[in-house]
Every structure is written in structure tokens, then in C-alpha cells.
Amino acid sequence: MDTKIDFQHKMSAHCETGTLTSLLSNVGLEITEPMAFGISHGIFFGYFKSKNFPFPTFIVRSRPGEIREKLSNALKIELKRFKFKNQEEGMQKLDSLLDEGHVVGTQVDFFYMDYLPEWIRVHNNVHFVNIIGKKDTDYIVSDSYHQRTANINSSLLKKARWAGGYMAPNGFLYYPLKVNPDVDLKKPIINGIKKACRNMLNIPIPFLGVKGIYKFADKINTWPQLTRDIEHLSHEIMKINILLEDQGTGGAGFRYMYATFLKQASNILNNPVLNEMSERIMEIGDDWRNISYFAAKIGKNRDLGANRIKELSELIRKQGDAEKKFFTDLKKVY
Amino acid sequence: MTEKNNPELALEITKLIIEKLNILHVTAEEVNINSPLFGDDNELDLDSIDAIEIVVELQKTYGVRINNELPVREILYSIQSLVDFLTKENATKKII
């Protein structure tokens, strides 16, 4: 049966927050993307060397899916979630939810979203889109990275929902069952700020939070020994730019998005100090962006001598200092 | 984004991009300011790494910050969309 649910498509900086806030808006809860990010204390840093990654890497936000879960807890949003081993069952469930009139949040491998230009599509198992209808063998998709709604063939969507590998989607679907459109954001904002400060400053693991930034600053000096040749090193150095700027971070590794959250929080809580903190994290974001720029430039030009890597390491260390001071001061506000 | 033609600014931005990204195969005058800056077969042969260089250079040169509050993909679509953005932000004069 053909279905198309009335849905306001919006573009956004980041797929998880964009999909979630559009979905919530559709059922009456208006919340901005930065507000969802801030309340769910999405800002983070971690430096990892793991068997799951072919090379050491870093993250600048909480684990995919946590924004949805933390926000729903904080705002008492009731969500229905499903995962499927059986693909047919998972596709049928999607159809039945659409028939019931639900817009459905869906986890997919970004690579299969063939309405987006080929040159930006890479395998990434934690892309989120909303499915808003079905026409013949196509599903109608609201993807926050695309200017308008798009169609995707059923067989391709199936591949995208059951792509294998790290953080495989396993056909994950969700939709909001109940929201409070008049929810008071004040307490969730304060809790979100406190938890972000705790995560950045107090997790006793040496590669998480601010400690992770320092770890990154130290370990990047060893990258030349971990790489096969200059091409490999150049590729890994240029990936710094991609992780900070190119993966729906809103720029500067989500630091700009957190700045916008604090600005909005300042208005809601009528607290000008948060506005000052917003300016400060915006400036810290500028410095992360300069690191992206520096990494992109030296990587591209194969200008990767020990002094250059050391220079990059020092820039990252300064970010550790700046974020340590920032979150220590932010912690004092509440 | 509403188009506000400003050929002088368009040429200035094109020259800035060509100079900063060390592009040798085309001159500023030859670039079609309405063509997409990124994607297959773009005239300047730009990639996503170049995007950040453009953003940083625009901030340094014109004092504008392109962040999550803005429709980044639309702003970076073409030279003309950059002109429109700087005009809208009232940031058409160089600060350096």
C-alpha cells in the first residue's frame, strides 16, 4: 500500500540530532538540534586504539545512539525501539508502522543512500534517516543531509539496514510514542551541563574527556612509527580534518554546536554567564578548526617531518588546556 | 539564497581560493562563479579537505565564521553563493 505521512523535512548539521528533532517536532515537541545535543551531554572526547579500528582514532561526541537515549530519558519521551535479525520481519515492521501513520527513525549504512552524490558516500553504519512513506517498491526518506525528501529502493534500504561490520544497524527502527510538548527544559539543561562537565573532567580513564585530548597530543608523535609510509601517514593526518569537520559535526568537532546550545540555554535560564561560556567554546572551536586546517595542509602537502607532527601535537595539547579550563569554569556555574 | 551579483567580490574570492589552495590549472577569470565548487568534475578540482581551507581563509580574510547555525552546504555551493553569504553578513570588506 502506498503511504506518505505529512512531515516537515529539515536539513541539519548532524544526522542523529537532526533526525531526532525532526521526528519529535512531527509529534509536537519543538526542540533545536543544539538543545538536543546539549541536554543529552553529547559533547565529549576520546582517543582510542582498538581492534575495531585499523588505526588509532578519536571521537568528539558521545557514542552514536546515546543522544537519542539520553534526551528521551531527560525529557521523559517514550520511544519504541526495534532491532531485527530477520530482514523480512524488519521490512514488514517498517511497512506496518508506516501504515499506522508513524514516521520511523532508521539506522542505515550511509553508503547506500544513493540519492546523495557518490563522492560523499562512505561506509558508515551509524547514519540516521526518517522514513516517511512508501510508493511502489520505493521508500520515501527524509535525510537531514539532503535538501529535500528522496526515494530509495526497497532492496537498497534493506542492504543499508542490515549492513555488516562495526556498529551494524541490525535493522534498528524507532519512533516516539509519547512526548510532552510543554516540557520545562530548565532542569534538563542544567543536568546536561553538569554531566558534560563530569564526562570531560572526571572519568577516571586516561583516554576519555580532557585526558583523551592530552593522550591524543602525546600519541600523535608516535603516528609516523605506526604508518607504512608517507602516503599512509598523510592519509591518517588528513582524517583529523574529516573527523572534526566532515562528519556532520556542525564544525570544529561539535564545539560550535555546543556553543549554540549554551547560547540558547543562557536565554532559557536567563543566565548571562552561559552566554560568555558560549563565546569561549566558540573560540575553542575556532582553534579546533585551525587544527583541522593545519592537519589538512601538512597532510596534503606531505609536509610531515617530525617538527610538523610536534607542532600539531602542541596545538592539540593547547586544546586540552583550553577545554580543561573551560569545563572547570562551566562546572562552577551550576 | 537570493543572488546578489557582485562580480568584483566574486573575482576577489576566486583569486583568494586559487592563491591559498595553490591552484595552477585555471585562472580566476576563467572560473564560472555559478558552478558547484565540490563534487564530480568541479572546475577547481576541490575536495572536502579544501572546504575547510576555504572556510578558515574566509574567516581570516572577512571575519565571518561558518558554523552549525548556518546552512554550510548551501553557502559553499559556488563562488556566487559565497558572495551572497558575505553580502548577507555584511562582511564584504577584507579585514586583513
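Each reported figure results from applying straightforward, stated rules to the coordinates on display, with no laboratory input. In this text, all values refer to a predicted model and were calculated from it rather than measured experimentally. Note that we place each Cβ from the backbone using ideal geometry, even for glycine, and neighbour counts take in every protein chain shown.
For chain B, the Cα gyration tensor yields ellipsoid semi-axes of 18, 14, 14 Å (square root of five times each eigenvalue, largest first, whole Å). Take peptide B:46-52, look around each residue's Cβ out to 10 angstrom, count Cβ atoms belonging to other protein chains, and average those counts. Mean partner-chain Cβ count within 10 Å for B:46-52: 6. Note on the range A:243-317: the alpha carbon radius of gyration divided by the globular reference 2.2 N^0.38 Å gives 1.35.
Take the Cα of A:Thr222, step 7 Å toward its Cβ, do the same at A:Ser96, and the gap between the two points is 5.1 nm. Straight-line reach from A:Lys85: taking Cα to Cα under 17 Å and skipping same-chain neighbours fewer than 8 places apart, the lysines in range are A:Lys93, A:Lys158, A:Lys159. A simple spin-label model places the labels of B:Asp41 and A:His235 2.8 nm from each other, with each point 7 Å out along Cα-to-Cβ.
The modelled label-to-label distance between B:Thr27 and A:Asp138, using points 7 Å beyond Cα along the C-beta direction, is 4.5 nm. Here the Karplus curve 6.51 cos²θ - 1.76 cosθ + 1.60, taken at θ = phi - 60°, turns the phi angles of the range A:180-185 into couplings of 10, x, 9, 4, 7, 7 Hz, with x standing for Gly and Pro. Fully extending the segment from A:Arg317 to A:Asp184, taken as 0.36 nm per residue of separation minus the present Cα-Cα distance, adds 44.0 nm.
Exceedance of the 28 Å cut-off in Cα-Cα distance is limited, within the set A:Lys187/A:Lys219; A:Lys51/A:Lys310; A:Lys300/B:Lys93; A:Lys49/A:Lys178; A:Lys310/A:Lys331; A:Lys239/A:Lys318, to A:Lys187/A:Lys219; A:Lys300/B:Lys93; A:Lys49/A:Lys178; A:Lys310/A:Lys331.
For the range A:136-269, the calculated P(r), taken from all Cα-Cα distances in 10 Å bins from zero up to the bin holding the longest distance, is 9, 20, 31, 28, 12, 1 percent. Short-range pairs are left out: with C-alpha atoms under 8 Å and at least six residues apart, the relative contact order of chain A is 21 percent. All C-alpha pair distances within the range A:215-281, sorted into 5 Å bins from zero, spread as 4, 16, 16, 14, 14, 11, 9, 7, 5, 3, 1 percent across the bins. Among the GluC sites (Glu not before Pro) within the range A:26-107, which fall in a DSSP loop and have no more than 13 other Cβ atoms within 10 Å of their own Cβ? Hits after loop and neighbour filter: A:Glu30, A:Glu100. Taking the empirical scaling 2.2 N^0.38 Å for compact globular proteins as reference, the range A:201-334 has a Cα radius of gyration ratio of 1.15. Look at the stretch B:58-71: the mean tally of other chain Cβ atoms within 10 Å of its residues' Cβ atoms is 5. Taking every C-alpha pair closer than 8 Å and separated by at least 6 residues, the mean separation divided by the residue count of the range A:92-232 gives a relative contact order of 18 percent. Once a ≥ b ≥ c are taken as the square roots of the eigenvalues of the Cα gyration tensor of chain A, is the result rounded (a/c under 1.5), prolate (a/b larger than b/c) or oblate (a/b not larger than b/c)? The shape class here is oblate. Loop sites here are trypsin sites (Lys or Arg not before Pro) outside DSSP states H, G, I, E and B with no more than 10 other Cβ atoms within 10 Å. The longest part of chain A free of them is A:229-334.
Would you work out if the range B:9-55 is rounded, prolate or oblate? Take a ≥ b ≥ c from the square roots of the eigenvalues of the alpha-carbon gyration tensor; rounded if a/c is under 1.5, else prolate when a/b is larger than b/c, oblate otherwise. Because its axes are fairly even, with a/c under 1.5, the range B:9-55 counts as rounded. Averaging 1/r over each pair of different alpha-carbon atoms in the range A:1-75 and inverting the result gives 14.1 Å, the Kirkwood hydrodynamic radius.
Backbone phi angles across the range A:112-117, fed through the Karplus curve with coefficients 6.51, -1.76 and 1.60 (θ = phi - 60°), yield HN-Hα couplings of 7, 7, 6, 7, 8, x Hz in residue order; Gly and Pro are listed as x.
Counting alpha carbon pairs within less than 8 Å and at least 6 residues apart, what relative contact order, in whole percent, applies to the range A:228-334?
RCO, the range A:228-334: 31 percent.
From the alpha carbon centroid of the range A:180-196 to that of the range A:274-315 is 32 Å. Under the combined filter of DSSP loop state and at most 11 neighbouring Cβ atoms within 10 Å, chain B retains these trypsin sites (Lys or Arg not before Pro): B:Lys93, B:Lys94.
The shape of the range A:1-160 can be summarised by an equivalent ellipsoid whose semi-axes, obtained from the alpha carbon gyration tensor, come to 25, 20, 15 Å from longest to shortest. The order of the peptides A:149-157, A:38-46 by mean Cβ neighbours within 10 Å, most packed first, is A:38-46, A:149-157. Remark: the range A:12-26, residue by residue, has Karplus-estimated 3J(HN,Hα) of 8, 6, 9, 5, 5, 5, x, 5, 5, 5, 5, 4, 5, 4, 5 Hz, where x stands for each Gly or Pro and the curve is 6.51 cos²θ - 1.76 cosθ + 1.60 at θ = phi - 60°. Rounded to the nearest 500, the helix-only mean residue ellipticity at 222 nm of the protein assembly as shown stands at -15000 deg cm²/dmol, with each DSSP H run of n ≥ 4 adding -39,500 (n - 2.57).
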